[in-house]
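The values are calculated or read from the model by the stated rules, or taken from the named source; none is laboratory data. Remember, predicted model here, so these are calculated numbers, not experimental data. So basically every Cβ, Gly included, is an ideal-geometry build from the backbone, and we count neighbours across all protein chains shown. Note: accessible area is taken over every heavy atom of the protein model, side chains too, but ligands, DNA and RNA are not part of it. Shrake-Rupley method; radii C 1.70, N 1.55, O 1.52, S 1.80 Å.
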Amino acid sequence: ADSGDYEIKVVQDKYEVTQTEDFVSPLAEVYYKGELIKSDLEGNPTKVDTNKLGTYEVIYYYHGATKTIEVEVVDNAEPSKSQIVLKYDDENGKSYQGNWYSGNIYVEYKSTDYTEEGIKGSGIAYYEVSEDGENFTKIDGNTEIIEKEGNYLRYVRAVDESGNTGVVNSYRIKIDKTKPTCTFAGESTEWQPNLNLTASEQITSRTIIA
């Protein structure tokens, strides 16, 4: 028989499977000149390794006729909660403990992306930060130099290559670069000849407010 007389049909041409989820290739039906002659044709491979992300092909063969379907293994697992490293001034500074400081604070973020233990997901793509816990902005790399003065919280989360966002973490910054100022008042512009005054008229002290 001519291979063109055979047609192989599968329920759908493309499947999406979550990483580590078992996937057994569906059985195909074979038609000869429009008549069903086989309903249990196995594909090659019969089982897809879903531990590895990517798009895989399953091919069906029958008397020269072929049929190919695609199986896409995707990462739906969120990255880990971001860990935060804080240091004074730069990456070589001592560990910052959250106290008031008159300089800048160096921040480094660390996160991992595993679907299951030992099975890597798509990997960390970037980090997002926020000062209100709601509106996040993407940053370049995984480090920052914080210069803004004040006593406030900052929030961070990791985003993987598949677009999954991790659990939000936060840390407090206390930066005061403003020098204190001092004013005073109460200086006298006149000499007081106390010796020539009566006791009730004598000025015995001056008040200076600083």
**Message:** Pairs needed: first member in the range 15-36, farther than 27 Å from Gly54 by Cβ; second member anywhere, part of a loop (DSSP other than H, G, I, E, B) and open to solvent by less than 50 Å² (accessible area, probe 1.4 Å); C-beta distance under 8 Å; at least 6 residues apart or different chains.
**Reply:** Glu29/Val10
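Go through the range 93-114 and give me each residue that's free of Cβ contacts under 8 Å to residues at least 24 places away in the same chain and over 13 Å from Ile145 (Cβ atoms).
Quick first cut of the range 93-114, residues free of Cβ contacts under 8 Å to residues at least 24 places away in the same chain only: 93-97.
Of everything in the range 93-114, those that are free of Cβ contacts under 8 Å to residues at least 24 places away in the same chain and over 13 Å from Ile145 (Cβ atoms) turn out to be Lys94, Ser95, Gln97.
Would you mention how many residues in the range 1-59 are within 30 Å of Glu161 (Cβ to Cβ) and of a type outside the set (Ser, Thr, Tyr)? Step through it out loud before you land on a result.
In the first step, residues of the range 1-59 are kept if they are within 30 Å of Glu161 (Cβ to Cβ); the result is 10-26, 43-59.
Right, trim to of a type outside the set (Ser, Thr, Tyr) and you get 10-14, 16-17, 19, 21-24, 26, 43-45, 47-49, 51-54, 57-59.
Matching residues across the range 1-59 total 26.
Table: residues versus (1) open to solvent by 80 Å² or more (accessible area, probe 1.4 Å); (2) over 30 Å from Leu153 (Cα atoms); (3) touching a Ser or Thr at 6+ places or on another chain (Cβ under 8 Å); (4) of a type in the set (D, E, K, R).
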position: Gly4; (1), (2), (3), (4): no, yes, no, no
position: Glu16; (1), (2), (3), (4): yes, yes, no, yes
position: Gln19; (1), (2), (3), (4): no, yes, yes, no
position: Val48; (1), (2), (3), (4): no, yes, yes, no
position: Gly54; (1), (2), (3), (4): no, yes, no, no
position: Gly64; (1), (2), (3), (4): no, yes, yes, no
position: Val73; (1), (2), (3), (4): no, yes, yes, no
position: Leu86; (1), (2), (3), (4): no, no, yes, no
**Request:** Mind checking which strands (runs of 3 or more DSSP E) fall wholly inside the range 25-99 and carry at least 2 residues that are under 11 Å from Ile8 (Cα atoms)?
**Result:** 28-32, 35-41, 54-62, 65-74
